[in-house]
Each structure stands twice: as C-alpha cells, then as structure tokens.
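Notes to accompany the following structure.
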Amino acid sequence: MDFNLQPDTPEISAFRKEVREWLAENMRGSEHLRWSARWSTRENNDEYQFRRQLANKLGQKRWLFPTYPVQYGGAGLTLDHQFVLETEIDRYGLPLGSIFYTLARLVAPAVLKFGTEEQKMEFLPPMLRGELAVWQVLTEPQGGSDVAHCLTKAIRDGDDYVVNGQKIMVGHHLPRIVSGLWSAPIPQGNGTRTWAGSTFPRIFPASPFSICI
C-alpha cells in the first residue's frame, strides 16, 4: 500500500512557500524558547507573550482559522491550505490549534453552527483574529469538568431557556476580554438529557484569580 502524499499542486506549492517564508520571519526571537506545554498560561512569561503575539499575527493574516468564511474572519481556504499551515508551523514545535491559551477550536465551530447571525458577527471575527480568549464552561464546584455530573440545567420557558446553576472559571492571568460557551443539560421527559450552549461575553479587569461565573 502506498501511503506517499501526492505532490503539491502549483497553487498549494506557492502557498507553502509563502507560509514558510512568513514563519521564518515571524518566528524570529523564539529560538531560546522551550515550549512548556500544548498551552502556555503564564502571561508574564516570554513564551506566553510570544505565542499571543504570534496568534494575533496569524489572525491578521486570517490563517488562525483558515477554512472559516471570510465574512467571519477566516480566509475561506481549503483543507489543503490548512494542512500546509499545520505542517509548516509544526516544524517549529507548535500546533496551529493552540498557539495561545484558548478553546476557540471548540467554541468557534459551535457558534458557527448554532449561533444567530448577530452572534456570529459579534464573536467570530475577534475570536478568529486571536483577540478573544474563549472557553467551553463545563467546570462546576461539586464535580470539576465531569460532564456526566453537571448540575447546571437549562429549563425551557416559552421561547427561552432559563439557565440555573454554578460554573467555575479555573483561570489564569486572563486577558481583558473573555467569552465563554456555557454548557448545560436540558432535562427530557423520558429521563434523557440533551445539551444547550449559550455564548456570553464577560469583560474582566486583569486578575490573577480564578473567576466564578
């Protein structure tokens, strides 16, 4: 069985050259850094600062979420283009999906799929530019991030849902603007549960403490 990848098309070859040259320029200054983990959460650390700046630069190029629609801040590119970005930045030991501390890879698809047009226009562009740090808020005081034991519930009330419960942001030194995707089960009459998600903005002053929401 032949597992060799097909050669790049002329278009992809030119894109790979562009990405490689761009990274060679924009990864300068990182030679002394030793990536601590998949995410870096120490905002006063050189690594964290470099990764945040790199995410912003990638976001300005629309390369942080390259396949997302242009109107929401993506580049409207193909999976082949994303594969080029993934493999080229991996040469520096970093994954494209977690340049800095955010769960946008989980939250952005949910907003794109289920959000209203107003929500998409409000949240996706800054998220895709690397300006907005986001989380999927699962953690609760009594059960950590164990989804099966979430006690927060979303109860249908006419056309709306009333969300009742507690969530904990197990945070770090947060950037000023934070958004979360609140996850809560919707009890069903047959004893099963479906899930609701509500995107909410929160603007916090810089703080070293965890935040309860």
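The values are calculated or read from the model by the stated rules, or taken from the named source; none is laboratory data. What you are looking at is a predicted structure, and each value in this text was computed from that prediction instead of being measured. Counting neighbours? That spans all protein chains shown, and the Cβs are built from the backbone with ideal geometry, glycine included.
When Tyr68 is tested against the conditions (1) surrounded by 13 or more Cβ atoms within 10 Å (Cβ to Cβ); (2) modelled with pLDDT under 95; (3) not in a helix (DSSP H, G or I), the lone failure is (2).
Confirm whether Asn56 is under 14 Å from the mean Cα position of the chain (by Cα) and among the polar types (S, T, N, Q). Yes, satisfied.
Does region 82-107 hold any residues that are under 18 Å from the mean Cα position of the chain (by Cα) and assigned to a loop (DSSP other than H, G, I, E, B), and which are they? Give the derivation first.
First pass over region 82-107, keeping only residues under 18 Å from the mean Cα position of the chain (by Cα): 82-83, 85-86, 89-90, 94-107.
Within region 82-107, Leu94, Pro95, Ile99, Phe100, Tyr101, Thr102, Leu103 meet the criteria.
Would you mind stating whether Leu128 is of a type outside the set (Gly, Ala, Ser), within 20 Å of Arg51 (Cβ to Cβ), surrounded by fewer than 19 Cβ atoms within 10 Å (Cβ to Cβ) and within 16 Å of the chain's Cα centre (by Cα)? No; evaluated as a whole, the condition is false for this residue.
Yes/no matrix, rows are residues, columns are (1) closer than 17 Å to Glu131 by Cβ; (2) modelled with pLDDT of 95 or more; (3) of a type outside the set (A, V, I, L, M):
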position	(1), (2), (3)
Gln6	no, no, yes
Trp22	no, yes, yes
Arg34	no, no, yes
Lys61	yes, yes, yes
Ile99	yes, no, no
Ala110	no, no, no
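Taking first residues from region 1-16 that are in the same structural domain as Gln82 (by TED's automatic domain parsing) and partners that are at pLDDT 75 or above and in a loop (DSSP other than H, G, I, E, B), the Cβ contacts under 7 Å between residues at least 6 apart in sequence or on separate chains come to Arg16/Asp8.
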